[in-house]
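Visitor: A single structure is presented below for examination.
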Amino acid sequence: MSEQPSEPDEREPSFLPRCPRCDTPVTRITSRGPTEHVCSPCGCQVGSPDL
């Protein structure tokens, strides 16, 4: 039986950064202040040190 390399999932491009809380690919980060940020599309709130 030959093993073929798995194909990358096209729905989650590998070049996008990952959310530090849930590991979802992040397409946008919205800043609500100097230390409060929200990752999109997951909606996780992260602080400045997590970015």
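Coordinate-derived values only; no laboratory data. For clarity, every value in this text was computed on a predicted model and none was experimentally measured. Reconstructed Cβ throughout: ideal geometry from the backbone, glycine too, with neighbour counts over all protein chains shown.
Visitor: What are the residue pairs meeting all of these: first residue in segment 18-37, first residue touching a residue at least 24 places away in the same chain (Cβ under 8 Å) and part of a strand (DSSP E or B), second residue of a type in the set (Val, Ile, Thr) and surrounded by fewer than 14 Cβ atoms within 10 Å (Cβ to Cβ), Cβ atoms under 6 Å, and 6 or more apart or on different chains?
Guide: none
Visitor: Next up: Please specify each residue of segment 36-51 satisfying the condition of being under 16 Å from Leu16 (Cα atoms) and polar (S, T, N, Q).
Guide: Ser40 - this is the single residue of segment 36-51 that is under 16 Å from Leu16 (Cα atoms) and polar (S, T, N, Q).
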